[in-house]
Amino acid sequence: MSTENRPETKDTIFIGKKPLMAYVTSALIQLANNPRVLIKARGLSIGRAVDVAQIIARRTEGSGYSIGEIKISSEQLQSNDGRSRNVSTIEIEVKKNA
């Protein structure tokens, strides 16, 4: 996702090509210090972002985490050949239960 007009926050996990459990571990560390964490991905990484959120919410049921708000959209990006194309994006909120 473009970082030009967005302030960076410590409670955001950007999903890429690392192993799935690396993102799960990172999100759980952030949740230890913050009431919520945002998991963001675009394109082919969207499925991995959903998997990360599901692992945190389902496999750690006793820890009290749940999936909150989910936002989907698309961004217009410039491809290497100069044409613009739309890329899907997702933002999943994972939060501590009160």
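Using the structure shown, decide if L44 is aliphatic (A, V, I, L, M) and not in a strand (DSSP E or B). Reasoning before the result, please.
On the way: aliphatic (A, V, I, L, M): yes; not in a strand (DSSP E or B): yes.
So L44 passes the test.
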Counted residues, region 18-65 - those being among the hydroxyl-bearing types (S, T, Y), more than 19 Å from K96 (Cβ to Cβ) and over 13 Å from the mean Cα position of the chain (by Cα): 0
Looking at region 16-33 only, could you name the residues that are of a type outside the set (A, V, I, L, M) and surrounded by 14 or more Cβ atoms within 10 Å (Cβ to Cβ)? Y23, S26, Q30
Kindly indicate whether K71 is in contact with a Pro (Cβ under 6 Å, 6 or more places away or on another chain), over 16 Å from L20 (Cβ atoms) and not polar (S, T, N, Q). no
Answer yes if at least one residue in region 47-69 is in a strand (DSSP E or B), in contact with a strand residue (DSSP E or B) (Cβ under 7 Å, 6 or more places away or on another chain) and exposed (fewer than 13 other Cβ atoms within 10 Å of the Cβ), and no otherwise. yes
Quick check, is S74 assigned to a strand (DSSP E or B) and hydroxyl-bearing (S, T, Y)? yes
State the number of residues belonging to region 53-80 that are at pLDDT below 95 and of a type in the set (V, I, T). 4
Among (1) over 18 Å from D11 (Cβ atoms); (2) out of contact with any Ser or Thr (no Cβ under 9 Å at 6 or more places or on another chain), where does E93 come up short? (1)
Looking only at region 70-98, filter to residues that are closer than 15 Å to Q30 by Cβ and touching a helix residue (DSSP H, G or I) at 6+ places or on another chain (Cβ under 7 Å); which one of those is surrounded by the fewest Cβ atoms within 10 Å (Cβ to Cβ)? K96
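The values are calculated or read from the model by the stated rules, or taken from the named source; none is laboratory data. As the structure is a computational prediction, the values presented were derived from the model and not from experiment. Cβ: placed from backbone, ideal geometry, glycine included. Neighbour counts: every protein chain shown.
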